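Let me begin by presenting the structure, written as structure tokens, before commenting on it.
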Amino acid sequence: MYQICFYICRLKNEGNRMSKQWKGLIYAGITALCWGFLAIGLKVASTFVSSVDIVWFRFGVAFIFLFGYFLIQSPSSLQILWKPPVKLIAAAVLLGVNYIGFMYGVVYTDPNVSQVLIQIGPVLLGAAGFFLFKEKINKWQALGFVIAAIGLFLFYAENLKEFIANPGLFNKGVWWILLAAIAWTAYAIFQKQLLPTIPAMKMNMFIFGLPMLFYAPFVDFSSLAVLSFWQWILLISLGLNTLIAYGTLALALQYADTNKVSVIITMNPIITMILMAGISYFEVSWMEGRILSFQAMLAALLVIGGGTMAVLLKSKRK
């Protein structure tokens, strides 16, 4: 009887753990969906306002929403704004670097290229899950990360001809994206470490607020004052994208293993590629579309396929 009760309790605990894992993966999927649209929106916005203005506006919209919520629902939570832990300050600074790096990367390259190369960040985060957070790894997860790394290499190699045609501009964008990816990885590690002690949304309020203050002196507010109605809608939507994507990312890291979250969010380039192909097909006037070559598509699918393997395929257990 004791053994039966023990087995039932073990199954129940395992079921609760799995439900949390799937909840985390669903949140990660929402993050990937938001980021799939993000690069295109940033590219369009960069045609009428500067990169710094866009970054500041994204942080500002997200911060105002969270600040207003906590001001009404939980005023005591606002104490974190003037008594933050050191790791939270570091996370906020790193996310600020990530935003400006990715923004310049989108400007100097294009949404397709930036979305695939920025996946270096989630790949590094997955590695951190294994080595830093001691998450278990099996042969399928290892193979998935190897495949994703090969895809990233092939994608970069496929664009060598564009680097040769315009090396200064394109390489500048690639270096910005590389900086953004490394900064994002470090940010996510700090956030993962803080989640057991600080609620996700409370943490995000500070993470959005500090970069907003940092970039404010460099914003050209006169350019924002003359924007059209639809330009304002686009900027506000980019801010809401930040609020939703990083809110669900924090929850994903709270509920699921870091390596599983990382491979889910590597799938967002496929959304961007489909949208860019649609833009090219319909020949819209507000943005130049781009259909990737077969090799580039294959490279992107390797990135996404490798990530899928790391989540869905597991070693058999007795």
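The values are calculated or read from the model by the stated rules, or taken from the named source; none is laboratory data. The model shown is predicted, which means the values in this text are computed figures rather than measured ones. Cβ coordinates were reconstructed from backbone atoms using ideal geometry, including for glycine residues, and neighbour counts include every protein chain displayed.
Looking across region 192-214 at every residue that is over 17 Å from LEU81 (Cβ atoms) and not in a loop (DSSP other than H, G, I, E, B), the one that is modelled with the lowest pLDDT is identified as LYS192. Check whether at least one residue in region 116-132 is without any contact (Cβ under 8 Å) to a residue 40 or more places away in the chain, surrounded by fewer than 19 Cβ atoms within 10 Å (Cβ to Cβ) and part of a loop (DSSP other than H, G, I, E, B), and report yes or no. So far as region 116-132 goes, no, none of its residues is without any contact (Cβ under 8 Å) to a residue 40 or more places away in the chain, surrounded by fewer than 19 Cβ atoms within 10 Å (Cβ to Cβ) and part of a loop (DSSP other than H, G, I, E, B).
If only residues of region 58-108 that are among the polar types (S, T, N, Q) and part of a helix (DSSP H, G or I) are counted, the one that is surrounded by the most Cβ atoms within 10 Å (Cβ to Cβ) is ASN98.
Listed here are the residues, each with its yes/no results for (1) within 20 Å of LEU154 (Cβ to Cβ); (2) of a type in the set (S, T, N, Q); (3) in a loop (DSSP other than H, G, I, E, B); (4) modelled with pLDDT of 70 or more.
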{"site": "LEU249", "(1), (2), (3), (4)": "no, no, no, yes"}
{"site": "ASN259", "(1), (2), (3), (4)": "no, yes, no, yes"}
{"site": "ILE264", "(1), (2), (3), (4)": "no, no, no, yes"}
{"site": "ILE270", "(1), (2), (3), (4)": "yes, no, no, yes"}
{"site": "MET276", "(1), (2), (3), (4)": "yes, no, no, yes"}
{"site": "GLU288", "(1), (2), (3), (4)": "no, no, yes, no"}
{"site": "LEU298", "(1), (2), (3), (4)": "yes, no, no, yes"}
{"site": "LEU302", "(1), (2), (3), (4)": "yes, no, no, yes"}
{"site": "SER315", "(1), (2), (3), (4)": "no, yes, yes, no"}
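Of the listed requirements (1) modelled with pLDDT of 95 or more; (2) closer than 21 Å to ASN268 by Cα, GLN21 misses just one: (1).
Matching residues to (1) at pLDDT below 75; (2) hydrophobic (A, V, I, L, M, F, W, C); (3) in a loop (DSSP other than H, G, I, E, B):
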| residue | (1), (2), (3) |
| --- | --- |
| ILE147 | no, yes, no |
| LEU152 | yes, yes, no |
| ALA157 | yes, yes, no |
| LYS161 | yes, no, no |
| ALA180 | no, yes, no |
| ALA186 | no, yes, no |
| ILE189 | no, yes, no |
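Among the residues of this structure, LEU240 counts as one that is assigned to a helix (DSSP H, G or I), under 17 Å from the mean Cα position of the chain (by Cα), surrounded by fewer than 16 Cβ atoms within 10 Å (Cβ to Cβ) and not β-branched (Val, Ile, Thr).
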